[in-house]
Amino acid sequence: MDAGLHSEAWNQPLLARSRLPVEMRPREDFSVWEFLKNCVGKELTRIAMPVHFNEPLSFLQRVCEYLEYSHLLFEAERCDDPVQRLELITAFAVSGASSNWARLGKPFNPLQGETFELDRSQDRCFRAVCEQVSHHPPTSAFHAEATDGSWIFHGAVTPKLSFLGKSVEINPRGTVTLEFPKRLEVYTWQNVLCKIHNIIVGKLWVEHYGELSIRCHGNGYRSELKWNSHSLIGTDQRHKLHGYIVDPAGKKVKAMYGKWMDALYSLPMDTWKRHKKGGSGRKRISELSIGAVGSGDGRPRWKSFSVELPMQQEQSTNSEPTSSTAGPDNCEDREGDEESGASTLADLSIPGQALLWRRAPRPADSRRYFSFTRFTLALNDNSDAELLARLPGTDTRRRPDVRALELGDLALAQAEKSRLEEKQRQALRRNSSGGVWFRPGRNRHTGWEADWMFTGDYWARDWAGCPDIY
């Protein structure tokens with residue numbers, strides 16, 4: 001396991017596909033406004049939307065994308081320093097948003113009783129189960145566990161999607177919980193907001209913004225991270241985040257900065273203070289930031305400045321190559337986003353900084369396949385007959401509308417989506433009970449109580465009680 005966690009091997013799924021069966025269909029022929037003009041101010045989770053908006057994934061699979069950088073959890077659990085441990089957990093929380101960069105398709109709403117199992121025990125040493133435990137409000141419960149018992153990651157997400165006229169806001173309501181049973185530690189946080197801009201006119205782009213607070217309920221340490229919003233700060237600050245590790249006495253002991261779609265760094269507080277003040281022998285933060293440079297015509301030009309002084313930069317063992325040394329498959333993926341007015345690069349090259357996490361390169365043709373990452377491309381793969389044989393009939397890989405969209409048949413995908421939605425309405429009139437594999441409960445190791453706790457019965461693989469949802 002160690003070799004896989006501390007090398008590029010963790011990002012190479014075993015026998016995983018590198019692309020979808022067909023490229024995504026262009027959306028130019030579909031009028032978004034004709035559909036959305038009557039949805040202003042409404043919650044979109046209650047509206048049946050055409051498949052033109054969708055990507056070939058269920059929201060349950062989208063939840064599992066949070067585990068793309070699960071190696072950070074192994075590293076955090078093994079770390080004896082509580083500050084470094086919380087730094088890595090913060091990096092994991094930030095990494096969970098990175099797959100949304102340039103992702104503009106909406107995942108399919110899960111049907112009540114739908115499940116998704118992700119077993120990566122052979123290469124990433126974890127396994128996970130998700131279930132749609134409620135239809136209204138739509139609630140997706142998830143549970144992931146390390147095969148060596150070192151960590152448990154679980155929670156429930158009740159997303160709220162609102163159309164605001166020019167944008168769609170996604171509020172991922174719900175608390176996520178990370179447990180280290182051997183340390184008797186519990187960490188909790190709530191994810192920040194997401195917004196998709198220029199829904200009607202212009203180039204679509206995505207941002208995350210808000211306050212992320214991660215609290216350790218065992219030792220009193222917490223992480224506070226602010227994610228910048230484009231409406232509150234200058235253009236060159238978009239997508240950036242910064243914050244601190246705070247000790248039980250309320251003292252800031254470490255600083256962190258980065259961009260949610262690129263990387264997260266940490267550095268000592270005194271170094272960060274000198275940097276913010278623009279100390280002697282170095283350029284000021286406004287010069288180092290990747291931002292606008294006057295071009296004379298009133299429009300910004302984007303340039304990445306380099307530091308003139310020799311430096312020695314600390315990096316963690318899980319670091320990826322920087323953008324200047326990454327391979328050709330990384331070039332397209334790390335372009336600046338002209339419409340959002342921001343470069344994707346985060347590194348300020350501050351002496352003494354440590355790289356906590358960097359986003360892995362996407363496949364060179366990722367944009368042809370819904371901008372999926374390598375990890376995401378494997379989620380709906382149904383080519384493993386042995387895997388399918390042990391999955392319940394409720395697993396998302398068996399869902400016909402998602403499969404039809406993946407195969408490029410939009411007409412069939414729409415017909416199957418409508419059929420399944422009507423079948424669900426009929427089923428809910430007869431029975432609207434909650435989850436099969438999740439119940440309110442308490443973790444036997446830490447005593448932590450949650451609204452939806454995984455019972456563990458799923459692993460017995462007795463599917464007699466599974467509903468017929470497809």
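The values are calculated or read from the model by the stated rules, or taken from the named source; none is laboratory data. Since this is a predicted model, take the numbers as computed values, not measurements. Positions of Cβ are generated from backbone atoms using ideal geometry, with glycine treated the same way; all protein chains shown enter the neighbour counts. In case anyone asks, the SASA skips ligands and DNA or RNA and just uses the protein heavy atoms, side chains included. Shrake-Rupley method; radii C 1.70, N 1.55, O 1.52, S 1.80 Å.
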Query raised in the report: Remind me, relative contact order of region 193-266 in percent, using alpha carbon pairs under 8 angstrom and six or more residues apart?
Result: 20 percent
Report summary line: Diffing region 79-85: the Karplus 3J(HN,Hα) column from phi (6.51, -1.76, 1.60, θ = phi - 60°), in whole Hz with x for Gly and Pro, holds 7, 7, 7, x, 6, 5, 4
Report summary line: Along region 158-169, Karplus-curve 3J(HN,Hα) (6.51, -1.76, 1.60; θ = phi - 60°) to the nearest Hz, with x for Gly and Pro, reads 10, x, 10, 10, 10, 8, 9, x, 10, 8, 10, 9
Report task. Could you go through region 399-415 in sequence order and give the Karplus-derived ³J(HN,Hα) for each residue, using 6.51 cos²θ - 1.76 cosθ + 1.60 with θ = phi - 60°, rounded to whole Hz, and x for Gly and Pro? Result -> 6, x, 6, 5, 5, 5, 5, 4, 8, x, 9, 5, 5, 5, 4, 5, 5
Query raised in the report: Hey, which of these cross-link pairs are over 29 Å Cα-Cα: Lys160/Lys226; Lys259/Lys417; Lys166/Lys240; Lys166/Lys259?
Result: Lys259/Lys417
Query - For peptides 178-188, 91-101, sequence by mean Cβ density within 10 Å, most packed first - result: 91-101, 178-188
Report task. For region 182-244, give the percent of accessible area contributed by carbon and sulfur heavy atoms, probe 1.4 Å, rounded to a whole number. Result -> 50 percent
Requested in this report: Pull up all non-local amide H partners of Trp189: gap of 5 or more, or a different chain, and H-to-H distance under 5 Å with H placed in the peptide plane.
Outcome: Val176
